[in-house]
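Single-structure report; data block below.
The values are calculated or read from the model by the stated rules, or taken from the named source; none is laboratory data. Fair warning: this is a prediction, and the values are worked out from it, not measured in the lab. Cβ placement follows ideal geometry from the backbone for every residue including glycine, while neighbour counts extend to all protein chains displayed. Each accessible area value is taken on the protein alone, full model and side chains, heavy atoms only, with ligands, DNA and RNA left out. Shrake-Rupley method; radii C 1.70, N 1.55, O 1.52, S 1.80 Å.
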Amino acid sequence: MATKRKYPVGIQSFESIRLDGYVYVDKTPLIYKMITEGKPYFLSRPRRFGKSLLVSTLAAVFEGRRELFEAFTTKQGIEQPQLFIARSDWEWEKYPVIRFDFSETSLKQFVKLEEYVMQTLERFEERHGLTEMVKSHSLAEAIRCAHEKTGRRAVVLVDEYDTLMLHNIGNPEQMDFVRDTFSALFAPLKSLDDHLQFVFITGISKFSQMGIFSKLNNLENISMQAAYETLCGISEEELTTQLRSDIEQLAVMRGETYDETLAGLKRMYDGYHFSEGMTDIYNPFSMVNALKSGKIDKYWFDSATPSALIAMLREMPPLEISDVDGAVCESSDFDQAFDSYQAPLPVLYQSGYLTIKHYDRDRDMYTLGFPNEEVRKGFAGSLYNYVTNAPNDNRVRSKFLNAYYDFRDTDDLPAFIDAIKTFYAGVPFPWERDNRNEHYYHALLYTLLVAFGADVCAEEQSAKGCSDITLKMPHSIYVMELKYDDTVEAALDQINRKGYADKYALDGRPVTKVGIAFSSAERNITDWKISKE
């Protein structure tokens, strides 16, 4: 078997990846396109999606480090292939590059922000021999002096511009401080066009939302341009060409065929779309981790996401999975002010929890949904922890999970209903008190089933209406209707009248209709009844 390749988990330096023999998915065709066709750009992508590596690669290009892009053999004897841009007509001039990485700064100790900016400017001035020329230590002056000194226009790269603000939404005083600091720092860039070769700014939130760069309105936002959809992340084509041998080795480790392993990776990590072009993008952080560990598991979602997502959910209006999975929004929705969590869809999209599932060109409407199983199950699990307010207590969750697996294997519905009742009994009353309605109860059950990876649908369309929950098990299908302060007979009657089960007549699995009654007084299931097809 071939030697296992090295995968750059947590490594964001292009130089380190190339010199130390790590795998690099060649993004230089799009980098070449970008640097030869325009100048000032902005790109929004979720966290850990390769933005910092992209910025590092751009720095190497503009610093004229052609040797990193040519084919060579590392000191460890690893052959690195030649990259596209080394074969192009790029002239490899050495430009003065100043790079700001705001992910490095403290998220809460804002007194350090100005210190970090000053240190970055001073390092740039020292590197290019500008110390005696610069008087005010401003970015604008440093750029002009660098142009004068080197004869080359400057390159400005800004990584994770919005980190400080996103971690302090709800704190107007600190938000204003960062906004004012950044505006003073970057606003002059628009008037420095004669001294700038290239400007590139990245972040999670859409550039216009943070209200920082209202004067810097000449940036080309490529975040939702089809031409640059694959600039970060791994496309299907890249996966099956540049990484084909890696998937083959992973398949051997898993005892599967190539196609089986590829299907597993697609189900777990694929499904991101960043434009109306709808090109499938795989999560690069999860893919690299899976290839390195030999295990298809949750990596991106589990890497500090749960606590961050819980904090986000607490600031938003009450959310249910059915509110966001399949939600429809206009393009203008993504331009709402990003200084609160009152508009959850743009926040969840740009954070990577939702993606574009469909684009209606005639109406300019986007349908959003979970990109893949990693995010779908992880989000549901976090939402479950938020609702039950017990993120560190897995006893009830484990009991319910075991009951679900028993139900999946045996179709023992009574035992599963008892587990559901135990689950509802554990939901804290203060939260539930403000959400008493039929929709709340079935949305809560649906959330938990999604978290367990069940094949479950909520509000599934039929000819005459929408069933509450349809649960598809290996050997049977359950169509459930939940009634609040009403009877199980009314629930079953609705299933029959509206033909919720009719669409499964040819499925081959037996269909069971389940009527469930909730009591507002008991705050739980008080009765249930089945009817088999």
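At-a-glance table
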item: First in region 184-196 and within 17 Å of Tyr95 (Cα to Cα), second anywhere and open to solvent by 70 Å² or more (accessible area, probe 1.4 Å), Cβ under 8 Å, 6 or more apart; result: Leu192/Arg144; Asp194/Arg153; His195/Arg144; His195/Arg153; Leu196/Arg153
item: Hits in region 466-485 (condition: out of contact with any helix residue (DSSP H, G or I) (no Cβ under 8 Å at 6 or more places or on another chain) and part of a loop (DSSP other than H, G, I, E, B)); result: His475, Ser476, Asp485
item: Those residues of region 118-156 which are out of contact with any Asp or Glu (no Cβ under 9 Å at 6 or more places or on another chain), hydroxyl-bearing (Ser, Thr, Tyr) and closer than 18 Å to Ala184 by Cα, in sequence order; result: Ser136, Ser138
item: Filter pass, Tyr446 being under 35 Å from the mean Cα position of the chain (by Cα), aromatic (Phe, Trp, Tyr), under 24 Å from Ala380 (Cβ atoms) and at pLDDT 90 or above; result: no
item: Residue that is modelled with the lowest pLDDT, among those in region 304-338 that are open to solvent by 20 Å² or more (accessible area, probe 1.4 Å) and in a loop (DSSP other than H, G, I, E, B); result: Ala304
item: Qualifying residue in region 3-16 (condition: farther than 23 Å from Thr230 by Cα and more than 29 Å from the chain's Cα centre (by Cα)); result: yes
item: Members of region 1-34 that are small (Gly, Ala, Ser) and surrounded by fewer than 17 Cβ atoms within 10 Å (Cβ to Cβ); result: Ala2, Gly10, Ser16
item: Candidates Gln249, Gln350 - the one that is within 24 Å of Arg48 (Cα to Cα) and at pLDDT 85 or above; result: Gln350
item: Candidates Tyr341, Tyr299, filtered to the one that is modelled with pLDDT under 75 and part of a loop (DSSP other than H, G, I, E, B); result: Tyr341
item: Subset of region 494-533 (residues that are over 12 Å from Ser467 (Cα atoms) and not in a strand (DSSP E or B)); result: Tyr504, Ala505, Leu506, Asp507, Gly508, Arg509, Pro510, Ser520, Ala521, Glu522, Arg523, Glu533
item: Matching option when the condition is in a loop (DSSP other than H, G, I, E, B), farther than 30 Å from Gly21 by Cβ and either open to solvent by 40 Å² or more (accessible area, probe 1.4 Å) or among the small types (Gly, Ala, Ser) (or both), among Glu91, Glu132; result: Glu132
item: Some residue of region 449-461 being open to solvent by less than 10 Å² (accessible area, probe 1.4 Å), assigned to a loop (DSSP other than H, G, I, E, B) and at pLDDT below 85; result: yes
item: Filter pass, Leu113 being surrounded by 12 or more Cβ atoms within 10 Å (Cβ to Cβ), hydrophobic (A, V, I, L, M, F, W, C) and at pLDDT below 95; result: yes
item: Hey, Lys292 open to solvent by 40 Å² or more (accessible area, probe 1.4 Å) and within 25 Å of Gly381 (Cα to Cα) or not; result: no
item: Condition met for Met268 (of a type in the set (A, V, I, L, M), outside any helix (DSSP H, G or I), touching a residue at least 60 places away in the same chain (Cβ under 8 Å) and over 21 Å from Leu53 (Cβ atoms)); result: no
item: Count - residues of region 248-265 that are in a loop (DSSP other than H, G, I, E, B) and surrounded by 14 or more Cβ atoms within 10 Å (Cβ to Cβ); result: 1
item: Helices (runs of 4 or more DSSP H) fully within region 146-247 counting 3 or more residues that are within 30 Å of Ser286 (Cα to Cα) and open to solvent by 30 Å² or more (accessible area, probe 1.4 Å); result: 236-241
